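Notes follow the structure.
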Amino acid sequence: MELTLWTYEGPPHVGAMRIATSMEGVHYVLHAPQGDTYADLLFTMIERRGLRPPVTYTTFQARDLGGDTAELVQRSIRQAVERFQPEALLVGESCTAELIQDQPGALAGGMNLGVPMVNLELPAYSKKENWGAAETFYQLVRTLLKAQLPAPGTPKPSPSRWRDEGRRPRVNLLGPSLLGFRCRDDVLEITRLLAEHGIDVAVVAPLGSRPADLERIPTADANVCLYPEVAGPVCSWLERSFGTPVVRTVPIGIGATAAFLRELHGVLDLALPADLQSLEGQPSEAERRSRLPWYSRSVDSTYLTGKRVFIFADATHAIAAARIASKELGFQVVGLGSYSREQAREVRAAAAELGLEALITDDYLVVEKAMGEAAAELVLGTQMERHSAKRLGLPCAVISAPLHVQDVPARYSPQMGWEGANVIFDSWVHPLMMGLEEHLIGMFRHDFEFVDGHRSHLGDGAPAAAGTGEPEAAGTAAAGPAADPVPAPGTTTAADAVREALESLWTADGEAELAKIPFFVRGKVRKNTEAFARERGLARIDAEALYDAKAHFSR
Amino acid sequence: MGVSAPPIQPSPPDILKESGQREVFCGLTSIVWLHRRMPDAFFLVVGSRTCAHLIQSAAGVMIFAEPRFGTAILGERDLAGLADANEELDRLVKDLLERRPEIRTLFLVGSCPSEVIKLDLAKAAERLNTQLLGRVRVLNYSGSGIETTFTQGEDNALLAMLPLLPSSDEEQLLIVGTLADAVEDRFRLIFERLGITTVRSLPPRRSTDLPPVGKGTRVLLAQPFLSATARALQHRGATLLSAPYPFGVEGSRDWMAAAATAFGVPTERFNAVLDPLVERGRRALEPHRQVLAGKRLFLLPDSQMEIPLARFLSRECGMELVEVGTPYLDRQLMAADLALLPPATQLSEGQDVDLQLERVRAARPDLVLCGLGLANPLEAEGIATKWSIELVFSPIHGCDQAGELAELFARPLRRRALLQLS
Ligand code: SF4
Ligand code: SF4
């Protein structure tokens, strides 16, 4: 038993829903009680989908339990097949149905439905959403490709098969799904990028594909594993059973996009273009195609140097962010972690490279604590970290699922490829004070016209007033209606008491000295000084203590 | 007494009963407003990751740093042996209460998984009450989807509090059902003007401030989904006042009239207090009535508020009712509202969502009241919608709120008229 207040991932059957809803022609019969239909709103509200997810819930009730729930399952399956005429059917159960052991998949198997059927067994008490998505995708592909499996011992297809067949090389893009971060735009960006290198896309899946498309997966010369969280297992299986090579570099960031293209050219036995060969003095494709390299070198960005960045996300985006932050923006990564236990090894390796220990957890309070202790100046995280950062008064950019409706922007904003790098530069640097501006504000802050706290461009990254568990005017996860018209009374917590005790330590000259510090670092200086005072057991915080602390923390 | 209560007519005959797929939240959802009503209470769901995800999705991602609700997620080990599960629960509760010393009442909320494995939360509550020596009161109720829909969770929560209510035959008016604090204050003020001085609420604002109950208690339900609580209060000697629910000017007036009659308030005094409110409420309603009048409304079953809302929207806003769905029909609790519905209103109880949506499509109503899962898909088909969940979060009760309530329904139609996108 584990206490959870907020979770990064839903249950595994929500992962299965992501696959079904991402595709067309697939229907999912889910043996589940009525409350579980809440999951529909994840798609209709967060993704603003104009279609109901293709899911039929059995919505059994307590009074059904005495009778024949198996009959209910069969009726639901029969009706769903008749009504929706799917090209492939997923049958599974949610946590409660798992306990009553009707085995809906086995029941469906005996029904002679005339459509390919996948019996989904997703253990709800040990696995989570991303695992469920990956397993569903894998099982579906496996079922649909059963007939095409090469006999054991069949030689692997040659990587340059395309040349022999007199066509352009083609690859599949596997892994993009609904409720993934910016998948819609990443697919477009990578498809364009590949086209420029003369490579075609055979199948994109699950997003936008039909079962018949999945049957074309073996026609590609390689599989691009765009999101290992979803496509990792299926790519490995395709490699084992069809001998299709997998491109595993995830093209997020300048370095990774270039590495991705090199890997792809290698796998497909294509000649590497000169501007991907990283030759001295020659402009690389990255320089030509993305603004990030130059923007990062331009003088304004000098002020980004060593900015302390805390990263927590799904594994794919966390690892990519760490690399971009440290290598491409000159930040200092002071914390790196992920809730993706399945990819913990990769995250640990990425952290070790930066001299850090990875934080692998699904407890957002642990993440919030680590964020505070790391004295971060910028947080790159999920919606959960956005809220934590807000409480701590830290600027934040969202880089990964779980999503909010605002993470599905109307404009084109991929994370992958050259354009993705541009988007990342803007969205990570935007919450920070601009370089020259920081300098100018320092110069002019004694000007009578200067208003402390003026920096409207910070938007929601602006320091929160009090910064402890105060409610914020957020709406429902889905769409942010004015769902909080009645302000909840604040409760006095132990943390508030500690805060008050610390605040009373400040002497007048300490406060006066603190006031001289530019407002955009004042909060951090206050926190550091208080931490320092607590550590040293100081009875009061005066100007001297403040400077002692400053010296202590200067790195 | 001259204060007229609505005449009770025979209820409409035709009810479509359906038992197919439902598209309704489970009772856990009511935690979202209950925890705000009683800030010194904590709601601990004993359930699965699905339960945690449901509350999170319904409540909004992280409105609170540390919310006053959470889920004890059952793991494989808990399923293997109930003894372990009980031990684990005790441990977890102890940790939780140590971290949240301000909590006075802890609700253990049962879910589908906890019920299916027969984890006895009543026993757990008893055990924990002994261990905690009265420092924190532990109660339990079911919010599971196999037992409850959406708003029924509140019914069960209140029912769980009932045994703790002291007995007293003191004359009092007891308002039952969560109201927004501001709305509640308004009602108290009006009752005071009417001369009804002892007015108490269930749930109270502080979980420990429990109202007494007994022969002198007149119960006025503020929400239409409290069947079990209403019956249990009657068992304790209270009288249940029959009235329409306080939505809209007429509903609110009749609701207060029921109390006034019960407490012997003279008609002149009632009219003197209420007439100006009624008049002002009608004025506030008017611009929205103009938008809504003649428009056809289809209400999908969701919050159990559909029948009283349909009554308000048809009688006071002039809307035409295509179909009024309700998750379940409690004829006694709905009697006054049912009697005020236009004759031959099509009611439906339960749901078969695909069939019901086919009826929606065939009828092409001007507005559909529905849950969040259905709203955008219907909009995409060109049908305007109003999300039902907003109605349980917004202050919509009382004459003063009638304008706002109507506005919630008029807004989608106004918006459609505003947008020129091609
Ligand atoms: S329907 Fe049951 S399992 Fe689903 S969220 Fe509600 S209580 Fe939990
Ligand atoms: S918002 Fe204010 S601080 Fe930011 S750039 Fe504009 S003027 Fe400068």
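The values are calculated or read from the model by the stated rules, or taken from the named source; none is laboratory data. For clarity, every value in this text was computed on a predicted model and none was experimentally measured. Cβ: placed from backbone, ideal geometry, glycine included. Neighbour counts: every protein chain shown. Just so you know, the surface numbers come from the protein's heavy atoms only, side chains and all, with ligands and any DNA or RNA stripped out. Shrake-Rupley method; radii C 1.70, N 1.55, O 1.52, S 1.80 Å.
Residues checked against (1) within 14 Å of ligand 1 (Cβ to nearest atom); (2) buried (at least 19 other Cβ atoms within 10 Å of the Cβ); (3) within 7 Å of chain B (Cβ to nearest Cβ):
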site: A:LEU5; (1), (2), (3): no, yes, yes
site: A:GLY92; (1), (2), (3): no, yes, no
site: A:GLU98; (1), (2), (3): yes, yes, no
site: A:PRO104; (1), (2), (3): no, yes, no
Tally up the residues in region B:178-195 that are outside any helix (DSSP H, G or I) and touching a Pro at 6+ places or on another chain (Cβ under 8 Å), please. 3
For region A:122-144, indicate whether the set of residues that are open to solvent by 60 Å² or more (accessible area, probe 1.4 Å) and more than 29 Å from the chain's Cα centre (by Cα) is non-empty. no
Sort through A:SER290, A:SER301, A:SER338 and tell me the only one that's modelled with pLDDT of 95 or more, among the hydroxyl-bearing types (Ser, Thr, Tyr) and farther than 24 Å from A:LEU194 by Cβ. A:SER338
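May I ask you to verify whether A:GLY15 is open to solvent by 10 Å² or more (accessible area, probe 1.4 Å) and within 26 Å of the chain's Cα centre (by Cα)? Steps first, answer last, please.
On the way: open to solvent by 10 Å² or more (accessible area, probe 1.4 Å): no; within 26 Å of the chain's Cα centre (by Cα): yes.
Judged against the criteria, A:GLY15 is not a match.
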Tally the residues that are out of contact with any Leu (no Cβ under 6 Å at 6 or more places or on another chain) and either among the charged types (D, E, K, R) or within 14 Å of another protein chain (Cβ to nearest Cβ) (or both), restricting the search to region B:155-190. 14
Residue that is within 8 Å of another protein chain (Cβ to nearest Cβ), in contact with a helix residue (DSSP H, G or I) (Cβ under 6 Å, 6 or more places away or on another chain) and in contact (Cβ under 8 Å) with a residue 12 or more places away in the chain, where the choices are B:VAL45, B:VAL24, B:VAL32: B:VAL24
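For region B:376-390, which positions are in contact (Cβ under 8 Å) with a residue 60 or more places away in the chain and within 11 Å of chain A (Cβ to nearest Cβ)?
Step one: filter region B:376-390 for residues in contact (Cβ under 8 Å) with a residue 60 or more places away in the chain, giving B:388-389.
Once the filter is applied, which keeps residues that are in contact (Cβ under 8 Å) with a residue 60 or more places away in the chain and within 11 Å of chain A (Cβ to nearest Cβ), region B:376-390 yields only B:ILE389.
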Conditions (1) within 8 Å of chain A (Cβ to nearest Cβ); (2) more than 30 Å from A:GLN406 (Cβ to Cβ); number of the one not met by B:ASP90: (1)
Given the conditions (1) farther than 30 Å from A:ASP363 by Cβ; (2) more than 16 Å from ligand 1 (Cβ to nearest atom); (3) open to solvent by 40 Å² or more (accessible area, probe 1.4 Å), and given that A:VAL73 satisfies all but one, which numbered condition is not satisfied? (3)
Of the residues that make up region B:382-396, is at least one among the acidic types (Asp, Glu) and modelled with pLDDT under 95? yes
Test A:ALA20 against the stated conditions and say whether it is at pLDDT 95 or above, farther than 30 Å from B:PRO67 by Cα, surrounded by 20 or more Cβ atoms within 10 Å (Cβ to Cβ) and more than 8 Å from every other protein chain (Cβ to nearest Cβ). yes
Odd one out for B:ARG22 among (1) over 15 Å from the mean Cα position of the chain (by Cα); (2) more than 8 Å from ligand 1 (Cβ to nearest atom); (3) not in a loop (DSSP other than H, G, I, E, B): (3)
Say whether the condition of being open to solvent by less than 60 Å² (accessible area, probe 1.4 Å), within 13 Å of B:LEU34 (Cβ to Cβ) and part of a loop (DSSP other than H, G, I, E, B) is met by at least one residue in region B:205-218. yes
Cβ-Cβ distance below 9 Å, separation of 6 or more or different chains: which pairs start in region B:292-306 with a residue that is closer than 16 Å to B:THR345 by Cβ and touching a residue at least 12 places away in the same chain (Cβ under 8 Å) and end on one that is open to solvent by less than 10 Å² (accessible area, probe 1.4 Å) and of a type in the set (Phe, Trp, Tyr)? B:LYS295/B:PHE409; B:LEU297/B:PHE409; B:MET305/B:PHE225; B:MET305/B:TYR245; B:MET305/B:PHE247
